[in-house]
Amino acid sequence: MLTESPLASGGNGALPELLGRMIAARQLTETDARSFLAQNSGADALVEERVLRWLAKEYGVGFAALDELEPDKQVLSLFPARLLLRDELLPLRRVGDEIEVATSRLFATQGLDGLKALTGLRLRPVLATSEMIGREMKKRLGVGADTIDTLDDEAGLQVVDENGSEDNNLDEAAEDASIIRFVNQVLKDAIDLRASDVHLEPFEDELRIRYRIDGILQEVPVPVQIKRFQPAIVARVKILSHLNIAEKRLPQDGRIKVRIEDAEVDIRVSIIPMLHGEAVVMRLLRQNSKLRGARDLGMGERELTCLERVLELPHGIVLVTGPTGSGKTSTLYTALNEINDSERKIITIEDPVEYQLKGVNQIQVSEKSGLTFAKGLRSILRHDPDVVLIGEIRDQETAQIAVQASLTGHLVFSTLHTNDAAGALTRLVDMGVEPYLVASSLEAVLAQRLVRLLCPQCKKVDTTAESRVYRTKLGIKPEAKVYHAVGCRECRQTGYHGRRAIFEWMDSSSEIRSLILKNASTDLIRDSARRAGMKTLSEDGRRLVEEGITTIEEILSVTTVHEMETDGKAQHAPAAPAAEVTLPRSLI
């Protein structure tokens, strides 16, 4: 074996392992590997690209940097997608009377030979990394191109019209191996790309697939002929989520649980009839996600101290507010994980259970069987809990039971949909809870949003005149570097990778309690909280901008401009504006 070679004992320990994998994949011979080791024994940071560049030089073939080259679509259309994907071959362009074909396996010639025999074209191999070939194939051919290409060749498979009544044929089509493989490929691709949602959207002449990644929808390239197989694809999703494939007129909701490697993913499925067919949205919930500690949430010191204080309280209500998909449940589970020990009994009631916590009793709401939040909460209180987590306060009954639970000696955590922390108090009163009960039970409210983080590979310092105006307008510290998003292949040209929360923590002070009793407005409650030291969402977001990990545009997308302007004036003395720059209308 190569790894046992005397040459392999020196230099970088990762190099022999890499070369061994490349030999197994027929990317180079063992003789070439030994030669490379002899010439690069002291090299470090070895990657596949460096080995292939060396190999191209040794054998006199070209090397293609695919991120700098746009493959010719007309050339690409000359070859069957399934053969290209099977042999990892990517046709690039015509050069004279030959076509350049990118491959990472110079010595696996049967794929090129097969294409030559099939098309009668003259092909010339050029080397490229397997990662770049795979990335470009997905971009150019689309997700599941090989399976759709196979379906085109299978005359025995009949895809029925979505307005027809041949449900038996549709059932058989949905169980076809190629359709099964295509749906699996879409789900696996979405999970690999960290998507939170998958959207299958039918239009008159296309079936569009989009993934929501870091909160933003991104279109996925798919083969153009996929529209023909739309009914079978939707039927396959229905079968997986135990829904009625014959029902095409009413909305349906279901669930799928999949396992990929060591991770379990719970998929919530929603299907709604649209003008040109049924639209599908699948929300991906990773159940085995590792919970972080409270300090890993990224809170400021004040907010972290406040969180640690309420976790030690014997009773009361702690609310987390924000829109759907803002990370509320993740924050609450992190808090529960901090106090999860043998001395406390913790019970949760959720819809759905997004994380499974060892030592915590978790209840799944089931509307079909009559187990609602309110009914489950009443039963929970008979099980002598110390801490109760309610997935969401949706109605007056749930809110009143939660308040009563806190007043009878339980620490209650829950979520609520409001724009900011102060709005949660008036929201509870609007839901029908008496102001004196809210004032006596509510201990704290945490509002949060998620902002995208700058891609560390491509972010650049923003030195434009417009940036200087932003800094002055929003109160950014003069010494802080402000960055802007650029975009590269690592972040799929978005300029961002990953997300992080910004927080607004409001404690229930005696002044705020008295304002609740007087039915005071949200503005008055917010002003009181700010005097007591509360930082708004925009202030906390500005902290991340000053740390160089997100952009002003991201903070503006989740907070109000008026709020940021007020905070900026409160925190920093105004600087002279740059007179020659016109302020964007979004900030006026």
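The values are calculated or read from the model by the stated rules, or taken from the named source; none is laboratory data. No experiment lies behind these values; they were computed from the predicted model shown. Please note: Cβ atoms are built from the backbone with ideal geometry, for glycine as well, and neighbour counts cover all protein chains shown. The protein model used for the area step is the full one, side chains on, heavy atoms only, and it has no ligands, DNA or RNA in it. Shrake-Rupley method; radii C 1.70, N 1.55, O 1.52, S 1.80 Å.
For the reader, a short list of remarks on this structure follows.
- Each residue in the stretch 65-100 was checked for being modelled with pLDDT of 85 or more, under 34 Å from the mean Cα position of the chain (by Cα) and within 30 Å of Q39 (Cβ to Cβ), and 3 of them qualify.
- Looking across the stretch 68-99, the residues that are of a type outside the set (D, E) and assigned to a loop (DSSP other than H, G, I, E, B) come down to L69, P71, S77, L78, F79, P80, L89, G96.
- Which listed residue, of I267, I272, is in a strand (DSSP E or B), among the β-branched types (V, I, T) and exposed (fewer than 14 other Cβ atoms within 10 Å of the Cβ): I272
- Criterion (at pLDDT below 95, crowded, with 19+ Cβ neighbours inside 10 Å and over 18 Å from the mean Cα position of the chain (by Cα)) met by exactly one of A294, A232, A279: A232
- Looking at L437, L389, L446, just one residue is without any contact (Cβ under 8 Å) to a residue 60 or more places away in the chain, of a type outside the set (V, I, T) and in a strand (DSSP E or B), and that residue is L389.
- Selection of the stretch 423-437 for residues being hydrophobic (A, V, I, L, M, F, W, C) and closer than 27 Å to P352 by Cα yields A424, L425, L428, V429, M431, V433.
- The stretch 455-474 - residue that is open to solvent by less than 10 Å² (accessible area, probe 1.4 Å) and not hydroxyl-bearing (S, T, Y) and, of those, farthest from V558 (Cα to Cα): C455
- Evaluation of A102 against (1) under 26 Å from V222 (Cβ atoms); (2) part of a helix (DSSP H, G or I); (3) among the small types (G, A, S) (one fails), failing number: (2)
- Those residues of the stretch 311-336 which are open to solvent by less than 20 Å² (accessible area, probe 1.4 Å), among the β-branched types (V, I, T) and either touching a Phe, Trp or Tyr at 6+ places or on another chain (Cβ under 9 Å) or more than 19 Å from V412 (Cα to Cα) (or both), in sequence order: I317, V318, V320, T331
- Helices (runs of 4 or more DSSP H) within the stretch 499-552 that include 3 or more residues touching a helix residue (DSSP H, G or I) at 6+ places or on another chain (Cβ under 8 Å), among the aliphatic types (A, V, I, L, M) and surrounded by fewer than 17 Cβ atoms within 10 Å (Cβ to Cβ): none
- Checked against the criterion of being more than 28 Å from R513 (Cα to Cα) and either open to solvent by 10 Å² or more (accessible area, probe 1.4 Å) or part of a strand (DSSP E or B) (or both), the candidates Q400, Q404, Q362 yield just one match: Q362.
- Filtered residue count, the stretch 208-225, keeping only those that are open to solvent by less than 30 Å² (accessible area, probe 1.4 Å), outside any strand (DSSP E or B) and under 22 Å from C491 (Cβ atoms): 2
- Hey, V143 modelled with pLDDT under 85, within 27 Å of L90 (Cβ to Cβ) and in contact with a strand residue (DSSP E or B) (Cβ under 7 Å, 6 or more places away or on another chain) or not: yes
- Scanning the stretch 303-311 turns up no residue that is touching a His at 6+ places or on another chain (Cβ under 7 Å) and either at negative phi or acidic (D, E) (or both).
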